[in-house]
Amino acid sequence: MPKNYIKRPMTPFIILFLLLNVKFCFSFTLDNSLNRVLENGVLLIGMDPYELPYAWGMDNGFLDGSEIELARRICDKLGVKPVFRDVVWGEGHRRALREKKVDVIIDAVPIEYREGTKIPLCGEEFIFSDPYYTVNLGVVTKRDNKYIKSVNDLKGRIVGTVENTDSARYIDELLAQGKIGAKKEFTGSFDGKKLDYFIALDNNEIDAIVYDHPVLFWYVVCFSSENVKRYRILQEPLKRSEWGILLRKDDVSLTFGINSVLNQLKDEKMDYSDIMKKYLKIPEDTVSLIKSHKYLQDMLFPIEICFKNTYIPTSINTLLEKIDYPIVEIYASNLTYEPVNFNIKFTLQFGRKVQVWEKRVTISGPQNKEKIARFYADIPPTDIALIKTNTKGILTVNISVSMEDEKTLFKIEEKKPVVLLGNNIALLETEKQKIFWTLISWINPNLDIINKIVDKAAELGAEEPEVIKLVGEQDASLKDFFLRGDILLKNTSFQERIFYRRKQCELLYKASGMIYGSNIATGISWEPIQKIDFPDIILRRKPIRGTCIELALAFASILESVELRPILIILPGHAIVGWGVDTGNLREVYVEAIDTNFFGEKDFEKLISRGKDCLLQYLRLSEDVKEEGKGIVLKITEGVFYKDNVYVYDVQKYRDINKIMPIMIPDISQIK
């Protein structure tokens, strides 16, 4: 035991580990590596302590650096003293372990894996701990270099790096691939003022430096405020590596103990990321420069504001996130080693209305191009009701960037003109599946106007058999007649159920008095947007008149209000509506449809015949499509059937599966 060192008692963590060690004693019968370290009270650590910010001070006895700090934290958890040994980087690591001059190597050693696996390549004699840090190779140029803006611009350029390192081997690969012009190696010596490869960059001997990002960051950003004015670190990283602690392969228990400590440090947020915050903290004079120099803001905290859509579809504002229709996306990077806060504010102004949304995101660096925010324009229904026509607006994005101390580093602002689509405008994108999320959200069984139609249908069916009769509104429930009908239908045959449902739908059709026709273009198109009035508007018209899609949505709303299983059918350039009846097979649904183009026809049987003709005009009979009486039997899974460019939606089931709630827009007359 070294002199002047009082052995401390083992921590509860080590005691627990030793208990576990007894449990697994069979595995560790021939291995006392951990016990040896604990009994000696010393962990012998090999490293090459001559590179900032990792390790330095071996010559004067004042050791410091991020690797030194990690070693001390590990030893503190083990209850032993760290003893550092000077070891030449590279092959010297293995030699020191082989000759048992050290127990471990903690020296920013990258773990090399077998190609396509996570199996480390460290020979028969050695083993790596679990990774304790992930690091990128960075690229530095002079700030005034106009030719190298990204890593792709290195082609044909002379690149400098440190000899006998992972970056030197990687540059050899780039050279072989023709991605750089030439390579020049340096020792990495530091005279207290300059690193040798930065001297070469200043003298134009090389065009760029490729090396560990932490070292480049320390020299450019942390070492001197003059350096941050002179050099530029490219945003794009090169190779990403994991660092591990190197041990002898036979030291199984010590490896297990080291891994346990690394996990504990991670859980306690005392791991290497926490250490790097200390050793790569941005000095105050550099912070002041960041506040006033945009090139530093762009280098360390690049932000990209992407306006994805200039049209804001107000009628489906609650669905915008579900159908992935962002108005704005924001990407940000934190290329420092300290947590950075991005405070985001979206302001949408239209007319006299102003809506504000705020979000705060913290990125623990270094992290490159992370999507930090998406704006979906969740506008309150009372405001949507006022947007009767397309309305111009201004969307403003404000971002404030601050460090842990909450002091603002800088702010940015961007404005974009937008158009808020009228609340009766449907969003129709090229991806048709999303179109129907829009349409199904417009089917609304909760409209007050439907009560009158159901009451009228009840009067028309007053003399019908009990199983068909519509009772109308009772105790504010429009489902009563259907629920009672369901009980009565349990003892009926399949053909009887079809007949009774058809009669109920006929009563609702006659009560609605719907007529096909409108002053606007008919049919459903695949243009980016199309005007489609809501069922609430359609059902309040006298007479009830609309296009095929408007009538289909309105009638589906009526059917869903009394749970008559509405079926929305989208054909090429046309839309019809129907109802479904269970066949007894969970995957099959019997569907009858009525052609909306002939709404106003008094003969309901003709409407059904036309609906069947529409379907069979596009659908070929197969195992999934079977003709049955006045309708067809379809295999509908998860609420939707698609074939031959025909979409058939079992509305209630599809709504439940995809959580698509009806869009509720208040009556404008009720808004104060």
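Residues in the stretch 220-260 that are among the hydroxyl-bearing types (S, T, Y) and either assigned to a strand (DSSP E or B) or closer than 20 Å to S333 by Cα (or both): Y231, S241.
Here K407, K388, K392, K371 are screened, and the one residue that is basic (K, R), closer than 23 Å to Y295 by Cβ and open to solvent by 30 Å² or more (accessible area, probe 1.4 Å) is K407. For the structure I just gave you, tell me whether I316 is buried (at least 16 other Cβ atoms within 10 Å of the Cβ), of a type in the set (V, I, T) and at pLDDT 85 or above. Spelling it out, it is not the case that I316 is buried (at least 16 other Cβ atoms within 10 Å of the Cβ), of a type in the set (V, I, T) and at pLDDT 85 or above.
Residues in the stretch 161-192 that are more than 36 Å from the chain's Cα centre (by Cα), in a loop (DSSP other than H, G, I, E, B) and at negative phi: E163, G181, T187, S189, D191. I515 meets all of the listed conditions (1) open to solvent by 50 Å² or more (accessible area, probe 1.4 Å); (2) at pLDDT below 85; (3) aliphatic (A, V, I, L, M) but one, namely (2). Among the candidates F198, F217, the residue that is open to solvent by less than 30 Å² (accessible area, probe 1.4 Å), within 34 Å of the chain's Cα centre (by Cα) and at pLDDT 95 or above is uniquely F217.
Under the condition of being among the β-branched types (V, I, T), within 19 Å of G65 (Cα to Cα) and touching a helix residue (DSSP H, G or I) at 6+ places or on another chain (Cβ under 8 Å), the residues counted in the stretch 164-215 number 0.
Y170 satisfies every condition listed in (1) modelled with pLDDT of 95 or more; (2) open to solvent by 30 Å² or more (accessible area, probe 1.4 Å); (3) under 25 Å from R114 (Cβ atoms) except (1). Filter the stretch 156-167 down to residues that are surrounded by 13 or more Cβ atoms within 10 Å (Cβ to Cβ) and either without any contact (Cβ under 8 Å) to a residue 12 or more places away in the chain or closer than 22 Å to K142 by Cβ (or both), then give me how many there are. Total meeting the criteria: 7.
Report yes if some residue within the stretch 418-440 is over 30 Å from S150 (Cα atoms), in a strand (DSSP E or B) and of a type in the set (K, R); otherwise report no. No, every residue in the stretch 418-440 fails to be over 30 Å from S150 (Cα atoms), in a strand (DSSP E or B) and of a type in the set (K, R).
Can you tell me which residue is most open to solvent (accessible area, probe 1.4 Å) among those in the stretch 605-647 that are aromatic (F, W, Y) and in contact (Cβ under 8 Å) with a residue 24 or more places away in the chain? That would be Y618. For the stretch 357-404, a residue qualifies if it is basic (K, R) and at pLDDT 90 or above, and the qualifying residues are K359, R360, K371, R374, K392. The residue of the stretch 182-195 that is least open to solvent (accessible area, probe 1.4 Å), among those that are of a type in the set (G, A, S) and touching a residue at least 12 places away in the same chain (Cβ under 8 Å), is G188.
So that you can scan it fast, the table gives a plain yes or no per residue for (1) under 19 Å from K101 (Cβ atoms); (2) in a loop (DSSP other than H, G, I, E, B); (3) at pLDDT 90 or above; (4) open to solvent by 40 Å² or more (accessible area, probe 1.4 Å):
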residue: M10; (1), (2), (3), (4): no, yes, no, yes
residue: F26; (1), (2), (3), (4): no, yes, no, yes
residue: V37; (1), (2), (3), (4): yes, no, yes, no
residue: P49; (1), (2), (3), (4): yes, yes, no, no
residue: P53; (1), (2), (3), (4): no, yes, yes, no
residue: E67; (1), (2), (3), (4): yes, no, yes, no
residue: L70; (1), (2), (3), (4): no, no, yes, no
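For the stretch 539-558, a residue qualifies if it is farther than 10 Å from S512 by Cβ and either aromatic (F, W, Y) or open to solvent by less than 10 Å² (accessible area, probe 1.4 Å) (or both), and the qualifying residues are G546, T547, C548, I549, E550, A552, L553, A556, S557.
Got at least one residue in the stretch 72-83 being free of Cβ contacts under 8 Å to residues at least 24 places away in the same chain, out of contact with any His (no Cβ under 7 Å at 6 or more places or on another chain), over 18 Å from L280 (Cβ atoms) and not in a helix (DSSP H, G or I)? No, every residue in the stretch 72-83 fails to be free of Cβ contacts under 8 Å to residues at least 24 places away in the same chain, out of contact with any His (no Cβ under 7 Å at 6 or more places or on another chain), over 18 Å from L280 (Cβ atoms) and not in a helix (DSSP H, G or I). Scanning the stretch 559-586 for residues that are more than 37 Å from the chain's Cα centre (by Cα), free of Cβ contacts under 8 Å to residues at least 60 places away in the same chain and open to solvent by 10 Å² or more (accessible area, probe 1.4 Å) yields a count of 1. Taken together, the residues in the stretch 648-664 that are open to solvent by 40 Å² or more (accessible area, probe 1.4 Å) and either free of Cβ contacts under 8 Å to residues at least 60 places away in the same chain or of a type in the set (A, V, I, L, M) (or both) amount to 5.
Could you go through the stretch 89-100 and let me know if any residue there is at negative phi, among the aliphatic types (A, V, I, L, M) and open to solvent by less than 40 Å² (accessible area, probe 1.4 Å). Taking every residue of the stretch 89-100 in turn, at least one turns out to be at negative phi, among the aliphatic types (A, V, I, L, M) and open to solvent by less than 40 Å² (accessible area, probe 1.4 Å). Among the residues of the stretch 410-440, the one identified as at pLDDT 90 or above, open to solvent by 50 Å² or more (accessible area, probe 1.4 Å) and over 30 Å from S292 (Cβ atoms) is P417. When C75, C122 are screened for being modelled with pLDDT under 90, open to solvent by less than 70 Å² (accessible area, probe 1.4 Å) and not basic (K, R), only C122 passes. Of all the criteria given as (1) open to solvent by less than 10 Å² (accessible area, probe 1.4 Å); (2) of a type outside the set (V, I, T); (3) under 30 Å from I663 (Cβ atoms), the one not satisfied by N334 is (3).
The rows are residues; the columns are (1) at pLDDT 90 or above; (2) within 30 Å of W89 (Cβ to Cβ); (3) in contact with a helix residue (DSSP H, G or I) (Cβ under 8 Å, 6 or more places away or on another chain).
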{"position": "R248", "(1), (2), (3)": "yes, yes, yes"}
{"position": "N263", "(1), (2), (3)": "yes, yes, no"}
{"position": "K281", "(1), (2), (3)": "yes, yes, yes"}
{"position": "S288", "(1), (2), (3)": "yes, no, no"}
{"position": "I323", "(1), (2), (3)": "no, no, yes"}
{"position": "Y331", "(1), (2), (3)": "yes, no, no"}
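The values are calculated or read from the model by the stated rules, or taken from the named source; none is laboratory data. This structure is a prediction, so every number in the text was calculated from the model and none was measured. Note that we place each Cβ from the backbone using ideal geometry, even for glycine, and neighbour counts take in every protein chain shown. Quick note on the areas: whole protein, heavy atoms, side chains included, nothing else; ligands and nucleic acids left out. Shrake-Rupley method; radii C 1.70, N 1.55, O 1.52, S 1.80 Å.
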